[in-house]
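The values are calculated or read from the model by the stated rules, or taken from the named source; none is laboratory data. The model shown is predicted, which means the values in this text are computed figures rather than measured ones. Every residue, glycine among them, receives a Cβ derived from its backbone with ideal geometry; neighbour counts consider all protein chains shown. Ligands, DNA and RNA are stripped out before the accessible areas are found, and what is left, the full protein with its side chains, is counted by its heavy atoms. Shrake-Rupley method; radii C 1.70, N 1.55, O 1.52, S 1.80 Å.
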Amino acid sequence: MQYKLQYLCLIMSAFSVIFTTSVKAEITQNNSASKILNKSEFTQPAKTIEEWLVQSPNPSQSHIIITGIRIQETQNRIDIILETQDGEKLQPVSRNEGNNVIIDIKNAQLRLEKSNTFRQEKPLTGITAVEVKNSDVNSITLTIAGETTLPKVELFDDDEGLIFEVTSATTATQPQPESEPQSSESPQAENVEEQEPIELVVTGEQDSYLVPETSSATRTDTPLRDIPQSIQIVPKEVIQEQRITRISDAVRNVSGVSPRTEFSGSYDVFTIRGFTDYNLLRNGTKTQNFFIDGSNIEQVEVLKGPASVLYGQFEPGGIVNLVTKKPLINPYYAAEFTAGSYNYFRPAIDISGPLTPDKSLLYRLNVAYESAGSFRDFIDSEVFSITPALTFNFGDATTVGVEYEYVNTDRAFDRGLRPQDFLFDLPISRNLGDKNDRYKYEGHRLNLLLDHQFSQNLQLRSNFTYQSLSPDAEYVNPSDEFEADGRSLLRDYVISPARPSKDLTLQTDLISKFKTGSIEHQLVLGIDLSRNTFNYAQSQTTNFPSLDIFNPVYGFPRPDFFESVEEYESQTDTVGVYLQDQIALTPNFKLLLGGRYDFVNFKSTFIPDIVNDSPSETSKFYDEAFSPRVGIVYQPIKPISLYASYSTSFVPNNNNATADGEPLEPTRGTQYEIGVKAELFDGKLSTTLAAYDITKTNVATVDPNDDNFSIAVGEVKSRGIELDIVGEITPGWKIIASGYLNDAFVSEDNSIPTGTRLENAAYNGASLWTTYEFQKGSSQGLALSAGLFYVGDRIANQSDPFTIPSYVRTDAAIAYRRDNWQAAINFKNIFNTRYYDTNGYLIFPQAPFTVLGTLSVSF
């Protein structure tokens, strides 16, 4: 333990040394500014802590909130208005890159109504785009892109906020109307009687599929193009357009990812690059994956490759992060109702806004109810979810967030089909369980967030999460054996009563920005503390009537005697310390260095047969592991990012022991990845092409000297190439598409033949979803969508490989939007394709042709 404490102290000391060299640029501004300050007007950066403290502003005044962005257009210029009451306090600094004027405002933050990115295409002849976004937690960037020449930008103060007057070389050379007086004193000096301004009011909600940045990959707000990793985001627009009723279906839009149907669909589990992980992230915090309702999900992020360097124990293929909806600064009210095939209906509301006049207290409330039948016999379900959230803004420097989620489900239990050839002869509606099978679930999740900005250079983020999850199941379990007639399937009866599993997690990050000479750093020092307790009990009997799979009879009485009763409980305590540095060696060459050390204590108690007084089996182990990551990004031109990375993972070998009773070493994953990211069509379309090679070692395999025990000498590999495309091709035409090749196989094992593919890992796959919305004319507001989802052959199990055939599913949708109303009809699996998903040992038929209709309103 002493050397562990020394290790922690060493990290803290290193951070202190680096921090004492941090610099802070103090930007000065003339109150009557008529131009943007140049870099030469900066004060000199601090070299000591004393100087830094003198230069640091009051944290409560560290940044100014911009609540709206407007563009006013005349014949010859545009005025970009940043709406705030404190426009004179904003501190803009300009720079030029090619034909682009880039304005950095270091003491401001966007808090627009529904997102924090604003973009307007071709607002003026000669100007291709205007974009405003948060560049980090305490600054914004305004980019004005000229078509062939550098735009001319002047700055003015006004009661409305800060105003940038923009003209281009093209419009500057055009003749001016004689009746229009020219003045440089104020952008409002135009003669409005001769030229009525056209005002475009945009509050930040964008219809584009493109999400330019995420914090989950680095724990900092970093543009995707600057991260040496393949990261794909399924935005809320795609989730809404595809009318996704289970959030796990969103990942079908991402290369190399397949959802798995677990325990009657009660889990959201994913196979990524051939590896399956039973955990996921929620707002960047590790969480168990029991039933998740999509009413509160803003977007779904897929981080490809090992995530252990920041998040601890995850498989090397990647991880899914669910981002929840946050309170909005402006009032927002939305309601929708969806109805469709198999008696499906779902009403939902989403309301948000400020609770105080100064907008320091914000709220959001999502409520949804779902009732549905199924194409499967006797399968019905009810789901209720409610998620209230509050955000407290204490001045401009401190934010406290509170979010609570309650989910309750009552649904039939569908155990699926055993992987045997007879299943293809059965109708997809055939249920091999019983009509009285049920699955109930109650989940509570509470999240507390603290975000404090000490200064422009130093930020603290702390996140506490508590969750309690209680599944309750009663079902008939089909076996893989038949009676002598070859058609009567033997079955068990199982009861698994509710035993709450709980998670406690505290995650704290200290983020610092500083320079060493001309090199920029963004340093993250963090610690994770977590405790996971998992409990289940199961009573089972084989005394249940068999089922004729071709002529089934249901409704047999439940037995009152159980042959075996087992109980299991476990507790996992984890401490993780990590350090990461994002280094900008030059504006176009970036380096990412990171490492994490984990300490894991695990203990479990298992009673295999209470009825027959079998003794309890206790397991304990302690693991520790260091997980490094290195990545580089080179941008030869602004739209192109070339990257390469090396990253690692580790996962404890829970409940596996050698013949000597010693726990197995944790599995270790190593990935090498190279790729290219490109931003096309003036940044409206993003593409990522990635190639990777993953090796996972220390995989548990049968001990050749005693098959009752295991040894950690197994190895698996996954190699592949992936392409993802997302964004807008032309105004109104959006696309999200993917394609991949993946070779995931066993490379060394004592019981599984070398070369056997990994479960649920298709060799190839592709997806396409595209929408075109008419922008003008009598068809304005009409949107047409189409989608294709292809998944290649997969195996359902490794012990006796059973192949699930490939499939192509075709979807379509039509929607019409007028003012604040929208109506949509979704057609899923138009050609009634017969296809299946798996959980690695059971097969689950998927829905045939389905229709959903939705009516929604927002204001």
Note to self: Return the residues of region 770-821 that are among the small types (Gly, Ala, Ser) and under 23 Å from VAL851 (Cα atoms); say none if nothing qualifies.
What the structure shows: GLY781, ALA783, SER785, ALA786, GLY787, ALA812, ALA813, ALA815
Next item on the list: State all residues of region 237-269 that are in contact with an Asp or Glu (Cβ under 7 Å, 6 or more places away or on another chain), within 23 Å of ALA761 (Cβ to Cβ) and not in a loop (DSSP other than H, G, I, E, B); if no residue qualifies, say none.
Entry: ILE247, SER248, PRO259, ARG260, THR261, VAL269
Checklist line | Scope region 806-827; condition surrounded by 14 or more Cβ atoms within 10 Å (Cβ to Cβ), closer than 22 Å to GLY777 by Cβ and of a type in the set (Lys, Arg); matching residues | finding: ARG817
Margin query: Just to be sure before I move on: is LEU664 surrounded by 16 or more Cβ atoms within 10 Å (Cβ to Cβ), farther than 25 Å from ARG757 by Cα and at pLDDT below 95 in the structure I sent?
Written below: no
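With LEU529, LEU585 as the choices, which residue is over 28 Å from the mean Cα position of the chain (by Cα), surrounded by fewer than 16 Cβ atoms within 10 Å (Cβ to Cβ) and assigned to a strand (DSSP E or B)?
LEU585
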Next item on the list: Please state which one of LEU510, LEU469, LEU506, LEU523 is free of Cβ contacts under 8 Å to residues at least 60 places away in the same chain and within 33 Å of the chain's Cα centre (by Cα).
Entry: LEU506
Checklist line | Residue within region 274-291 that is farther than 30 Å from PRO419 by Cα, out of contact with any helix residue (DSSP H, G or I) (no Cβ under 6 Å at 6 or more places or on another chain) and assigned to a loop (DSSP other than H, G, I, E, B) present | finding: yes
Next item on the list: Please give the number of the condition SER429 fails out of (1) within 26 Å of TYR342 (Cα to Cα); (2) part of a loop (DSSP other than H, G, I, E, B); (3) open to solvent by 40 Å² or more (accessible area, probe 1.4 Å); (4) in contact with a Ser or Thr (Cβ under 9 Å, 6 or more places away or on another chain).
Entry: (3)
Notebook entry, point to check: How do the strands (runs of 3 or more DSSP E) wholly within region 670-750 filter down when requiring 1 or more residues that are hydrophobic (A, V, I, L, M, F, W, C) and free of Cβ contacts under 8 Å to residues at least 24 places away in the same chain: which remain?
Noted result: 733-748
Next item on the list: Enumerate the pairs (first residue in region 613-628 and closer than 19 Å to THR572 by Cα; second residue anywhere and open to solvent by 90 Å² or more (accessible area, probe 1.4 Å)) with beta-carbon separation below 6 Å, excluding pairs fewer than 6 apart on the same chain, so at least 6 apart or on different chains.
Entry: LYS620/LYS603
Next item on the list: Could you check region 131-236 for strands (runs of 3 or more DSSP E) lying wholly inside it with 1 or more residues that are modelled with pLDDT under 85?
Entry: 139-146, 152-158, 161-167, 198-202
Checklist line | Residue match in region 432-454 (condition: farther than 25 Å from GLN522 by Cα, out of contact with any strand residue (DSSP E or B) (no Cβ under 6 Å at 6 or more places or on another chain) and without any contact (Cβ under 8 Å) to a residue 24 or more places away in the chain) | finding: no
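Residue by residue, here is whether (1) out of contact with any Pro (no Cβ under 8 Å at 6 or more places or on another chain); (2) open to solvent by 20 Å² or more (accessible area, probe 1.4 Å) holds:
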{"position": "TYR363", "(1), (2)": "no, yes"}
{"position": "VAL367", "(1), (2)": "yes, yes"}
{"position": "PHE378", "(1), (2)": "yes, yes"}
{"position": "PHE384", "(1), (2)": "yes, yes"}
{"position": "ALA389", "(1), (2)": "no, no"}
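Whether any residue in region 537-550 is assigned to a strand (DSSP E or B), farther than 30 Å from LEU426 by Cα and either of a type outside the set (Asp, Glu) or in contact (Cβ under 8 Å) with a residue 60 or more places away in the chain (or both) is what I want to check.
Initially, region 537-550 is screened for residues assigned to a strand (DSSP E or B), giving 537-548.
Those left that are additionally farther than 30 Å from LEU426 by Cα: 537.
If we keep only those that are either of a type outside the set (Asp, Glu) or in contact (Cβ under 8 Å) with a residue 60 or more places away in the chain (or both) as well, we get 537.
Yes: one or more hits.
With the requirement that a residue be among the charged types (D, E, K, R) and in contact with a strand residue (DSSP E or B) (Cβ under 6 Å, 6 or more places away or on another chain), what does region 455-482 give you?
Selection gives ARG461, ASP472, GLU474, GLU481.
Just to be sure, is VAL600 more than 15 Å from ALA307 (Cβ to Cβ), out of contact with any helix residue (DSSP H, G or I) (no Cβ under 9 Å at 6 or more places or on another chain) and open to solvent by less than 10 Å² (accessible area, probe 1.4 Å)?
Answer is yes for this residue.
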